[in-house]
Amino acid sequence: MTNIKTVGVIGAGQMGNGIAHVCALAGYDVLLNDADAARIDAALGVIDKNLNRQVTRELVGKSDADAARKRIKGSALKDLGACDFVIESIVEEHDAKKQIFADLRSVLRPDAILASNTSSISITRLAATTDRPDKFIGVHFMNPAPVMELVEIIRGLATSQETYDTTLEFVGKLGKQIANAEDFPAFIVNRVLVPMINEAIYTLYEGVGSVEAIDKSMRLGAHHPMGPLELADFIGLDTCLSIMQVLYEGLADSKYRPCPLLVKYVEAGWLGRKTQRGFYDYRTDPPTPTR
């Protein structure tokens with residue numbers, strides 16, 4: 001199996017910085033890339049803050065946190081040739097991912113494994129756009145990656161046994177639990193979770209309950225730690241919409257039709273926490289419902 005020492009992470013957003021954080025804590029050297037250099041600087045700041053929080057809560061030793069910080073470096077795409085394992089974690093759009101994989105053709109070593117943190121798109125389909133479908137695999141981290149215990153591993157039709165075995169060992173060293181998912185739209189977690197969120201948005205759209213009532217009902221009536229609309233804001237409404245579109249197009253079942261209200265919020269640019277407005281307005285303390 002490939003001996004993994006250096007990990008590349010493409011995309012320095014919420015998921016990318018969390019994956020970089022986890023990999024560095026596990027002892028891997030990490031090269032963090034983003035098309036926007038300012039996002040890399042912002043991500044390093046977030047990682048520093050999150051490591052400090054873990055030290056304060058005595059979840060991580062100070063020396064381990066300090067060592068993890070030193071292992072993460074910002075990187076240009078061309079520098080990822082030094083990596084043994086590269087994880088793509090950019091926007092949930094097939095064409096954007098396809099372009100990244102095309103750009104990596106002249107960069108990655110022939111033996112390097114390429115993985116996608118896609119939350120819904122076919123691994124087989126993505127692999128077919130690369131120069132290494134046998135060395136391509138899905139590794140879907142949950143958000144936030146430093147906290148959530150699970151990683152879904154998804155093999156494409158062409159993924160080799162060696163690639164799968166190496167990935168299994170790598171994810172295990174990160175201290176994560178593994179769920180093997182078949183390569184069907186949205187895999188396991190989002191196949192169950194996001195349609196529930198979509199149904200909660202329909203419940204709001206049809207006037208069955210308010211934002212506050214829906215979230216309160218699911219927190220207290222089903223013991224969910226977070227209401228579905230609050231969770232949608234946390235995930236990002238654009239990501240929720242992308243996943244519903246993948247399900248709707250991939251399975252051709254009307255039960256996966258995205259709620260028109262979700263579409264409207266995304267069109268307005270109200271994407272949740274990351275834009276300060278979604279089903280809640282985060283510019284107030286505490287956040288207030290927007291509907």
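Derivation of every value follows stated rules applied to the coordinates shown; laboratory data play no part. All of these numbers come straight from a predicted model, not from anything done at the bench. Methodologically, a virtual Cβ is constructed for each residue, glycine included, from the backbone with ideal geometry; neighbour enumeration extends over all protein chains shown.
For this structure, a couple of remarks:
- Residues located in the range 261-281, provided they are in a loop (DSSP other than H, G, I, E, B) and surrounded by fewer than 17 Cβ atoms within 10 Å (Cβ to Cβ): 269, 276
- Considering residues of the range 147-184 that are of a type in the set (Gly, Ala, Ser) and within 20 Å of residue 3 (Cβ to Cβ) only, the residue surrounded by the most Cβ atoms within 10 Å (Cβ to Cβ): 160
- Applying the criterion of being in a helix (DSSP H, G or I) and of a type outside the set (A, V, I, L, M) to the residues of the range 16-40, the residue that is farthest from the chain's Cα centre (by Cα) is 39.
- Only a single item in (1) touching a Gly at 6+ places or on another chain (Cβ under 9 Å); (2) within 16 Å of residue 92 (Cβ to Cβ) is not met by residue 250, and it is number (1).
- Residue-level check: of (1) surrounded by fewer than 20 Cβ atoms within 10 Å (Cβ to Cβ); (2) within 24 Å of residue 245 (Cβ to Cβ); (3) out of contact with any helix residue (DSSP H, G or I) (no Cβ under 9 Å at 6 or more places or on another chain); (4) of a type in the set (A, V, I, L, M), residue 123 misses just (1).
- Qualifying residue in the range 155-175 (condition: part of a strand (DSSP E or B) and within 16 Å of the chain's Cα centre (by Cα)): no
- Annotation note: Cβ proximity below 6 Å between a residue of the range 267-287 that is over 16 Å from residue 204 (Cα atoms) and a residue that is surrounded by fewer than 15 Cβ atoms within 10 Å (Cβ to Cβ) and basic (Lys, Arg) (sequence gap 6+ or interchain) occurs for 276/283.
- Some residue of the range 65-77 being among the hydroxyl-bearing types (Ser, Thr, Tyr) and under 26 Å from residue 111 (Cβ atoms): yes
- Count of residues meeting criterion [surrounded by fewer than 16 Cβ atoms within 10 Å (Cβ to Cβ), of a type in the set (A, V, I, L, M, F, W, C) and within 17 Å of residue 15 (Cβ to Cβ)] in the range 39-76: 1
- Filtered by the rule that a residue be surrounded by fewer than 21 Cβ atoms within 10 Å (Cβ to Cβ), under 24 Å from the mean Cα position of the chain (by Cα) and part of a loop (DSSP other than H, G, I, E, B), the range 185-223 gives 185, 188.
- Residue in the range 77-94 that is basic (Lys, Arg), in contact (Cβ under 8 Å) with a residue 24 or more places away in the chain and surrounded by 13 or more Cβ atoms within 10 Å (Cβ to Cβ) present: no
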